[in-house]
Amino acid sequence: MREHAFAYALLAPALLLFLAFTVFPIGFGFYISLHNWRLGPREFLGLGNYLRALTPGSEFWPSLGATLTYSLLAVPFQISIALTLAYLLFQKIRGKSLFRVVMFLPWVTSTVATAAVWARLYSPDIGLINSVLRGLELRPLRWLLEDKGVFTLIANGLGVTLPDWLRGPSLAMVAVVIYTTWVFVGYNMTLFLAGLGNIPGEMYEAAKIDGANGWQLFRHITWPLLSPTTFFVVLITVIGTLKAFNHIWVMTQGDNGTQTASILIYRQFYEFQRAGYASALAFLLSAVILLVTILQNRAAAERVNY
Amino acid sequence: MATATAAPLAQVKTRHAPGRSLKRVNPLIYLVLIIVGVASLIPFLWMVLTSVKDYGDVVSLKFWPWPPLGNSAPRFDNFAEAIRLIGVDRDTGLPMFFRHVLNTALVTAIVIASSVTTSVLAAYAFAQLDFPAKNVLFILVLATFMIPEELILVPRAVMMNKNYLNWYNTMPAMVAPFLVNAFGIFLIRQFFLQIPRDLYDAARIDGAGHMRYLTTIMIPLARPAILTLALLEFIWTWNEFRWIQLVTSSSNMRTVSVGLVGFLHTEGGAQTQLAMAVAVMVVLPVVVLYFFTQRYFTEGITTTGLKG
């Protein structure tokens, strides 16, 4: 009995803090979302804020589109590059730890600071990226300031006009995705390296005796045995991209096709003090995140090998 | 103990990289790795170089305006000028930038102290003790992990305003959401679980209670995990932006990240070299700490694998 009391005493600080600043806010947030709430409850709206968000033509749908676009662009980029790098670094390489330390560095440093640096690298006038393009006698681009879709830009470059629905993600969005890749590749690579280290070396020895080549080793040993790690990395990357905020806020503040759901929530609250509407949007975004997580878990149950 | 540690070590040594152990590594691999390594560093290099350039060299796009390629001199005055432009804190008479550094350091210290303490205590209960509802409580703690921060951002901020806690523009508001962290509890618990239970029985025989066992045996043994948690909390808190921006409005309560964004929207907007000087000062403490302790970062994220 004394041990029980002691255990609860040890847990009390953590549990009380969770209760006050995590559990209570969920319920409070739902209560807020049912009101027109500016500094305090003004009037009860029921599901009015949700209906407003879900009405065709509201800001929510484009922001959800931007969120999913961002995620669908960023995830494959990040994962494939990270996996390739991890596989290369897993060979007997000299200076392995130096490469790891350097590639992990962007994840460690403040996203606000590095996004500010990248915003300048992308600057149409003084940016390093356009200087390089000019040096290669290519056309400089407007990057974060460019609202046009990338397919439209490519087609225009070739002298073709594309229908509007084929415009593709805005160049600003692609620029944000390139930055995101730069930040997270080292982090994901580190997770993949740990996963590779867990694959027993005997497997490779046995397969080599049977005459397997490098590609076969990857396809039939590394890829299936790495699948739990791959699933995990994909899961956290998808969730992370669905919530992305800091760097988008610093680089574009949501302009030029980059107003993701997180940015919309923040703007509604911070700029317009619409706590009720912002809370309703937050519940809708969380529902999307939950749905995506469940779908991924389903897919993993079929494909992950153990 | 000796035999228990010898076995995994032997296993590690026989482990080979896939299929490449005897052949020479393809030089193309080095080429790719070097390109990626350089790409990882170029933004940092550009930031540092730009922070000591003249405004004229920035707008005329000179990558290296100093000898031997050019004849400008490095302008270290940019740092002093940026600090001067950020203004002076009327309370203390200090430059506002230093006030931001102090605030950031204080927030970070409070968050580390609190999250390490709460994590160690809770982790001990979950790893070492038996009590009713243990599994339910542990699952609840892990569930807080799955809750997107977006969901509770607005209600948390509303809680801080004058109708409720009235903490707006104060230190308690700045640290409140970060005082406990499910990741920390999970990380330390994992570590505690690896410590053999025989140790506890031995300590019991020597007359040690739980509290003495925790402080004299478990905590010293779990030092690497505790250090990992403290370091990760350091970078997360040092780099925190959105929450601090939401619950503070007076400049003297802000942190370096929020101060940097403010500067980007004022003088730093046009004066890129000054913006980069501030960015260098914001990033520097974290980079220095990281280079000395990078082993703990990679171990921390790979043993628990959590938190993007």
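The values are calculated or read from the model by the stated rules, or taken from the named source; none is laboratory data. The structure displayed is predicted, hence computed values, not measured ones. We place every Cβ from the backbone using ideal geometry, glycine too, and count neighbours over all the protein chains shown.
Residue under question is residue B:204, and the condition is that it be away from every other protein chain (no Cβ under 11 Å), surrounded by fewer than 22 Cβ atoms within 10 Å (Cβ to Cβ), assigned to a helix (DSSP H, G or I) and touching a Phe, Trp or Tyr at 6+ places or on another chain (Cβ under 9 Å); does it hold? Spelling it out, residue B:204 is indeed away from every other protein chain (no Cβ under 11 Å), surrounded by fewer than 22 Cβ atoms within 10 Å (Cβ to Cβ), assigned to a helix (DSSP H, G or I) and touching a Phe, Trp or Tyr at 6+ places or on another chain (Cβ under 9 Å). When each of B:52, B:120, B:107 is tested for being in contact (Cβ under 8 Å) with a residue 12 or more places away in the chain, among the aliphatic types (A, V, I, L, M) and within 13 Å of another protein chain (Cβ to nearest Cβ), the lone residue that passes is B:120. Taken together, the residues in segment B:177-201 that are buried (at least 16 other Cβ atoms within 10 Å of the Cβ) and farther than 16 Å from residue B:125 by Cα amount to 3.
Of the helices (runs of 4 or more DSSP H) entirely within segment A:1-69, those holding at least 1 residues that are facing chain B (nearest Cβ under 10 Å) and surrounded by 20 or more Cβ atoms within 10 Å (Cβ to Cβ) occupy A:2-18, A:24-33. Examine segment A:179-190 for a residue that is in a loop (DSSP other than H, G, I, E, B), surrounded by 20 or more Cβ atoms within 10 Å (Cβ to Cβ), more than 8 Å from chain B (Cβ to nearest Cβ) and of a type in the set (A, V, I, L, M), and state whether such a residue exists. No, the conditions are met nowhere in segment A:179-190. Going residue by residue through segment A:264-272, is there one that turns out to be of a type in the set (Lys, Arg), at the interface with chain B (Cβ under 9 Å from one of its Cβ atoms) and surrounded by 14 or more Cβ atoms within 10 Å (Cβ to Cβ)? Looking for residues that are of a type in the set (Lys, Arg), at the interface with chain B (Cβ under 9 Å from one of its Cβ atoms) and surrounded by 14 or more Cβ atoms within 10 Å (Cβ to Cβ), one finds none in segment A:264-272, hence no.
Only one entry of B:97, B:126, B:183, B:79 meets the criterion of being more than 11 Å from chain A (Cβ to nearest Cβ), closer than 30 Å to residue B:203 by Cα and in contact (Cβ under 8 Å) with a residue 60 or more places away in the chain, and that entry is B:183.
For segment B:274-284, the set of residues classified as within 10 Å of chain A (Cβ to nearest Cβ) and either buried (at least 24 other Cβ atoms within 10 Å of the Cβ) or at pLDDT below 95 (or both) consists of B:275, B:276, B:278, B:279, B:282, B:283, listed by residue number.
Just one of the numbered conditions (1) facing chain B (nearest Cβ under 7 Å); (2) more than 17 Å from residue A:69 (Cα to Cα) is not true of residue A:245: (2).
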